[in-house]
Amino acid sequence: MNAVVRFMILSDTVWTGALGLLGPIFSLFVVDFIEGGSPVVAGMAAAVYLISKSLFQMPFAHLVDRIAGERDDYWIMLCGSFAAALMPLFYLAVGTSGQLYAVQFAYGLVMAATFPSFIAIYVRHIDRDREAVTWGVYATVVDLSAALGASFGGIIAGSFGYRRLVVLLVVLSLAGVAALLPVRRHVIGRVRENGASAAEAVVLSPPGIGDSRR
């Protein structure tokens, strides 16, 4: 398993663990923290995020494919990941359901730009004849990280409050982004070889990849 794949797995492992802190209790957060919050509002907020991400994901994927080399892929992935890591801070400023929907729409837009570039780089750097094992390692460690985050998220929220939970989530997410920095020297200036494009990678990525941070 080459260095690019290792660092990208590490990045998503940390990030997904961070998101796991809030994800399973997001509906409770909405009910307790948002004025007029309810299970309906929580469900609509999740839908707004997914619709936004779905609408803009393919256009971003085609944009990434139109530019030769991996330089654009990397910078879109890095900048998008940094912006997405900070997005949960806006939850602390949300007071109404309308504001929450706006944050979720922006969150989905940022993730729509990040996901195709991440997956495209990852797919191109998988060792030949090791595809199943590489995806298996990714899915295993990311899922275990999400489980660990979920197990502690409720405890932290109950003991210290949602504000501190969200701040911790953001700090850990930024640590995950930092794990992408060493990838730069392996991809900047690299011409794309035969392999999945960003648009193809969105379709070819296994189920569940992208359900967390991407």
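Looking at Ala68 and the list (1) part of a helix (DSSP H, G or I); (2) touching a residue at least 24 places away in the same chain (Cβ under 8 Å), which single condition is not satisfied?
(1)
Of the residues in the range 29-55, how many are surrounded by fewer than 17 Cβ atoms within 10 Å (Cβ to Cβ) and either of a type in the set (A, V, I, L, M) or on the phi < 0 side of the Ramachandran plot (or both)? I'd like the intermediate steps shown before the answer.
Restricting attention to the range 29-55, the residues satisfying the condition of being surrounded by fewer than 17 Cβ atoms within 10 Å (Cβ to Cβ) are 31-32, 35-36, 38-40, 43-44, 46-47, 50-51, 54-55.
Next, from what is left, pick out any that are either of a type in the set (A, V, I, L, M) or on the phi < 0 side of the Ramachandran plot (or both): 31-32, 35, 38-40, 43-44, 46-47, 50-51, 54-55.
Looking only at that region, the number is 14.
Yes or no, residue by residue, for (1) touching an Asp or Glu at 6+ places or on another chain (Cβ under 9 Å); (2) β-branched (Val, Ile, Thr); (3) within 20 Å of Val4 (Cβ to Cβ); (4) in a helix (DSSP H, G or I):
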{"site": "Tyr138", "(1), (2), (3), (4)": "yes, no, yes, yes"}
{"site": "Val142", "(1), (2), (3), (4)": "yes, yes, yes, yes"}
{"site": "Ser151", "(1), (2), (3), (4)": "no, no, no, yes"}
{"site": "Gly154", "(1), (2), (3), (4)": "no, no, no, yes"}
{"site": "Arg163", "(1), (2), (3), (4)": "no, no, no, yes"}
{"site": "Val167", "(1), (2), (3), (4)": "no, yes, no, yes"}
{"site": "Val170", "(1), (2), (3), (4)": "no, yes, no, yes"}
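Among the candidates Val133, Val142, which residue alone is surrounded by 23 or more Cβ atoms within 10 Å (Cβ to Cβ) and of a type outside the set (Gly, Ala, Ser)? Spell out the reasoning first.
Values: Val133 fails: surrounded by 23 or more Cβ atoms within 10 Å (Cβ to Cβ).
After ruling out the rest, the residue left standing is Val142.
Mind checking which residues of the range 56-111 are surrounded by fewer than 15 Cβ atoms within 10 Å (Cβ to Cβ) and closer than 15 Å to Gly176 by Cα?
Leu86
Considering every residue within the range 3-22, establish whether at least one is without any contact (Cβ under 8 Å) to a residue 60 or more places away in the chain, assigned to a helix (DSSP H, G or I) and surrounded by 22 or more Cβ atoms within 10 Å (Cβ to Cβ). So that I can check it myself, show each step before the final result.
Taking the range 3-22 first, the residues without any contact (Cβ under 8 Å) to a residue 60 or more places away in the chain are 6.
Right, trim to assigned to a helix (DSSP H, G or I) and you get 6.
When the remaining residues are screened for being surrounded by 22 or more Cβ atoms within 10 Å (Cβ to Cβ), the result is none.
No, that holds for no residue.
Phe115: within 21 Å of Val170 (Cα to Cα) and within 15 Å of the chain's Cα centre (by Cα), yes or no? If you could, list the steps in order and put the result at the bottom.
Details: within 21 Å of Val170 (Cα to Cα): yes; within 15 Å of the chain's Cα centre (by Cα): yes.
Considered against the rule, which asks whether it is within 21 Å of Val170 (Cα to Cα) and within 15 Å of the chain's Cα centre (by Cα), Phe115 comes out as yes.
Could you identify the single residue in Ser54, Ser81 that is over 30 Å from Gly161 (Cα atoms) and not in a loop (DSSP other than H, G, I, E, B)?
Ser54
From Val123, Val110, Val94, grab the single residue that is touching a residue at least 40 places away in the same chain (Cβ under 8 Å), of a type in the set (Val, Ile, Thr) and under 25 Å from Arg163 (Cβ atoms). Talk me through it step by step, then tell me what you get.
On the way: Val123 fails: under 25 Å from Arg163 (Cβ atoms); Val110 fails: touching a residue at least 40 places away in the same chain (Cβ under 8 Å).
After applying the criteria, what remains is Val94.
None of the figures in this text is laboratory data; all of them are computed from the coordinates on show. Predicted model, so just to flag it, every value in this text is computed and none were measured. Cβ atoms come from the backbone with ideal geometry, glycine included; neighbour counts cover every protein chain shown.
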